Amino acid sequence: MNILLIDHNAGSPVLGMEYRPYYLARQWVREGHRVRIIAASYAHRRVRQPSMRGIIDRQGFDGIEYVFLKTPSYEGHGWARIVNILAFVSQLYARVRDLCTDFKPDIVIAASGYPFDMGPAHLIARYHGAKLVYGVSELWPDSPVQLWGLSRNHPFVWLAAWGQRQACRVCDTVVSILPKADEFLRGYGLKDGLFHHIPNGIEPDEWADDTRAAGIDSLTQTAIDCLRAQGRMIIGYAGTHGVSNDLKVLVDAAALSRDLPVGFVCVGEGPERRALADYAVERGVADNFLFCGALPKRQVPRFLRQMDVLYMGLKHVDVHRYGVSFNKIYDYMMAGKPIIMAVDAGNDMLADVAGSVSVPSGRPQDVANAIKTFAGMAEGERNAFGAETKAHVLLNNAYPVLARQFLEAVQTA
């Protein structure tokens, strides 16, 4: 089959996030399908942007055909980002036929997060007689209201609500990483029986290297070795240091756990990193709460494997009542470590994972209690729990499995 995947933010191992389009596409290519991804030239989630040789550029990664459309850069979630989105969508409309002159798709997937790419995707699918899939990872218009801080009366929010209704009306099926998104989408006209939940996952090939220490950034490795020499159980975090990640809760929990032999290592960058480091000093835990900066993606598995427990938190947002699916948690599981997750959402990603703790409240005291529980375990007991998390993710969330489930959901539509 020929599969056309439209995703504004699509990345690759070279470009960085988003990885889901790449991993799904690579698996489909391995199974003999031809895949073309259409993406914007600028997306803030990427580590780097593709080099453009004009307003449209074609590139290839691992057998996947990428088509990048020129869009302006932006910072934050203001009008500049809105212009970036509208520039991408307008170019899709302008090139509805040109994008597929040598590529007759059997399946067209619109998965940019926002609903606006469903308009040109619908035209392409109708012209070629292809099935139209709406890939849902965010719930518009609520997401820009609650996550960007836009007013309900903002013209862009009105446009997003209209776009959501149109997307739900024309799609043949919906595939979402959010397990309860159908409850939201029915309010915009989605018919029963069209919804399929396929979560995020991991690529097992990236975890084939079992080397635990080699190749880690020297500063990060020194921090780990220092805490290890002090006989501390090490709690790790890997990812963005932003307001939404709510790492301040972990710093507060560290202060409540200062009498325990526990250390903390956070890797990653973000707008809150400096403020969090200052807050650790203020709370008196800077000696055992270390911020080490970002690691290359290939080093992250080696970092995670050196931790004893892994942590993730998330600031409460009402839209999360429809569920969440974080890549980070699947990486944590694959590392074979027990997890503390302080997330208030409509689903518990760790409900079926033995030896991990969900703290829906996100209160520092509850996180500290979870830390105390793991600190009281022998290393072998923690490792046994970690082995169960790894077995769970390999069985349920490996991309070879998810890619097949995705096509099965489309073919039954």
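What follows draws every value from the coordinates through simple rules; no lab data is involved. None of these values were measured; they are calculated from a predicted model. Here the Cβ is made from the backbone with ideal geometry for all residues, glycine too, and neighbour counts use every protein chain on show.
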Neighbours of D278 by Cβ distance under 13 Å: Lys/Arg at +1, Asp/Glu at -1, summed charge +2
Taking a ≥ b ≥ c as the square roots of the eigenvalues of the Cα gyration tensor, with a/c under 1.5 meaning rounded and otherwise prolate when a/b exceeds b/c and oblate if not, the stretch 205-396 is rounded
About its Cα centre, the stretch 277-318 carries a charge dipole, from +1 on Lys and Arg Cβ atoms and -1 on Asp and Glu Cβ atoms, whose size in debye to the nearest 20 is 380 debye
Residues of the stretch 81-120 with backbone N under 20 Å of the label point set 7 Å from the Cα of R58 along Cα→Cβ are 91-109
Using alpha-carbon positions, the gyration tensor of the stretch 275-352 gives root eigenvalues a ≥ b ≥ c; with a/c under 1.5 called rounded, otherwise prolate if a/b exceeds b/c, else oblate, the class is oblate
Measuring from the longest principal axis of the C-alpha atoms of the chain, the long axis of helix 79-94 (C-alpha) lies at a number of degrees, nearest 10, equal to 40 degrees
XL table K297/K337; K328/K390; K248/K315; K131/K180; Cα-Cα > 20 Å flagged, in table order, is K131/K180
Residue-normalised 222 nm signal for the chain, counting each DSSP H run of n ≥ 4 as -39,500 (n - 2.57), nearest 500 deg cm²/dmol, is -11000 deg cm²/dmol
Low-density loop trypsin sites (Lys or Arg not before Pro), the stretch 211-255, at most 16 other Cβ within 10 Å, DSSP non-H/G/I/E/B, are R212
Karplus ³J(HN,Hα) for the stretch 69-78 (6.51 cos²θ - 1.76 cosθ + 1.60, θ = phi - 60°; Hz, whole; x = Gly/Pro) runs 9, 5, 9, x, 7, 7, 9, x, 10, x
Charge tally for neighbours of I85 with beta carbon under 13 Å away, counting Lys, Arg as +1 and Asp, Glu as -1, is -2
The residues M349, M333, M233, sorted from fewest to most surrounding Cβ atoms within 10 Å, come out as M233, M349, M333
Whole-Hz Karplus couplings 3J(HN,Hα) for the stretch 51-62, θ = phi - 60° and coefficients 6.51, -1.76, 1.60, Gly and Pro as x, run 6, 9, 10, x, 7, 9, 9, 10, 9, x, 9, 6
If R0 = 35 Å, then D205 and Y93, at their Cβ-Cβ distance, give a FRET efficiency to the nearest 0.05 of 0.40
Computed about the Cα centre, the charge dipole of the chain from +1 Lys/Arg and -1 Asp/Glu charges at the Cβ has a magnitude in debye, to the nearest 20, of 880 debye
Per DSSP, the loop-located GluC sites (Glu not before Pro) within the stretch 1-102 having at most 13 other beta carbons within 10 Å are E31, E75
Taking Cα atoms, the helix 20-30 axis meets the longest principal axis of the chain at an angle in degrees (rounded to 10) of 70 degrees
Residue-ordered couplings for the stretch 405-413, obtained by feeding phi - 60° into the Karplus form 6.51 cos²θ - 1.76 cosθ + 1.60 and rounding to whole Hz (Gly and Pro as x), are 4, 4, 5, 4, 5, 5, 5, 8, 5
Put in order of increasing Cβ neighbours within 10 Å, starting from the fewest, H77, H122 give H77, H122
Counting only residues 5 or more apart in sequence or on a different chain, those whose built amide H sits under 5 Å from that of V357 are I339, I340, M341
Helix 155-170: inclination vs the chain longest Cα principal axis, degrees, rounded to 10, gives 70 degrees
